[in-house]
Structure formats: structure tokens, C-alpha cells
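Structure first, commentary second.
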Amino acid sequence: MCDLIDQLLDNDLRCIDSRSKLAIGTSDGESVSIDAYNSRVLIAGPSRTGKSRLTYGILERLAAEQYQSCVVDPESDYDGFHGAVTLGTTSHPPDIEHVLLALQNPVNSVIVNLVGLSFAQRPAYFAGIFNILQDLRLSTGRPHWLVVEEAHHMLYPG
């Protein structure tokens, strides 16, 4: 026990790298992976190049490893994602409290469907939910992954 405390104080447990790797593809015949926890990934490119498909595949792999994710989805691309709770409809935006309640259960991944919000309302909604998700992550370590699909929808100046 003292050794563990010493390692925590000395190097914040960096010498114990128990994080699992998540395979995301290959490059030149070599496997490409990312840390399954505490990674930041930007997927960008022109329309119809497979960005959402790649993201969907990563989310499937994360779910298989029992990582919790929260997807902010302004175009309803992830409705029906297997094993996730979808909140929000075309006529009703998701209540932030319901999102938080769903994420309290570590088994739940959540799709936050923003189709019920106008384009101009999305940045303010995202700012509110982002702060709450950050607080949740600080207190529980979850959700492990936050995916902001079509991020430009969240940056619209109004």
C-alpha cells in the first residue's frame, strides 16, 4: 500500500499504465490505436468521406469495452445506436437534467439529439450541457468519452 501511495505522490501513477488501447484501424499494415480513456480525437474532412462512420465504429468499440459515452448529435445521425439511451426528438430538445440522470448509471451511454433545437439555440444549449458534463466527469470520471458531432453547430455565434 505504501508503494502505491509513493507512486501516486511521485508521478501520479503514470508508471502504472493500465489504460487499454482501442484499435481504430491500420496504416501501412500496422495497427493504429488510441488510449481508450482520456484521449482527444478530432475527425475532420469533407462531406461524405466517412467521418460519422468512423466515429460510429469507435463508439461501438468503446461500448464493447464498457466505456460510457455521451454523443451530442445535432442531425439525429446516432438515433438507435445499440445500447445507448437517446434523449430528444424532432419536436422536443433533451432536458439537460434527463441527460444527467441517464449518465448517472455507468451502464448507459447517451445520445443527445438536438434536432428539436434551432441552429441558433444550439450553442447556448451546448455550453450549458458541456459545463454539467465536465462537472460529472470531475466527480465520477464519466462519461469516458464526449463526442460532439458536427461541432460547427455548437459554435454558431447566434
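The values are calculated or read from the model by the stated rules, or taken from the named source; none is laboratory data. Keep in mind it's a predicted model, so treat the numbers as computed, not measured. Virtual Cβ from ideal backbone geometry, glycine too; neighbours counted across all protein chains shown. Remember, those area values only see protein heavy atoms, side chains included, never the ligands or the DNA or RNA. Shrake-Rupley method; radii C 1.70, N 1.55, O 1.52, S 1.80 Å.
Given charges of +1 on the Cβ of Lys and Arg and -1 on the Cβ of Asp and Glu, with all other atoms neutral, how large is the dipole of segment 45-90 about its Cα centre, in debye to the nearest 20?
Roughly 200 debye for segment 45-90.
How many Å² of accessible area per residue for the chain, probe 1.4 Å?
Per-residue value: 62 Å².
Note the full-extension length gain between Phe130 and Ile34 as 0.36 nm times their separation in residues minus their Cα-Cα distance, in nm to one decimal.
32.2 nm
Lys and Arg at +1, Asp and Glu at -1: add these up for the other residues within a Cβ distance under 12 Å of Ser52 and post the number.
Value of the local net charge: -2.
Report the longest stretch of the chain that contains none of the GluC sites (Glu not before Pro) sitting in a DSSP loop with at most 14 other Cβ atoms within 10 Å.
Maximal segment without exposed cleavage sites: 76-158.
Quick check: the angle from helix 122-140's long axis to the longest principal axis of the chain, C-alpha only, nearest 10 degrees?
The answer is roughly 30 degrees.
Which whole-number percent is the relative contact order of the chain (Cα, under 8 Å, 6+ apart)?
Answer for the chain is 21 percent.
What whole number of Å gives the distance from the Cα centroid of segment 99-134 to the Cα centroid of segment 16-60?
23
State the antiparallel share, in %, of DSSP beta bridges confined to the chain, rounding to the nearest 5.
35
For the chain, what is the convex hull volume of its Cα atoms per residue in Å³?
150
At a 1.4 Å probe, what is the % contribution of carbon and sulfur to the accessible area of the chain?
53
Between Arg48 and Ser139, what FRET efficiency follows from the Cβ-Cβ distance if R0 is 41 Å, with the result rounded to 0.05?
0.55
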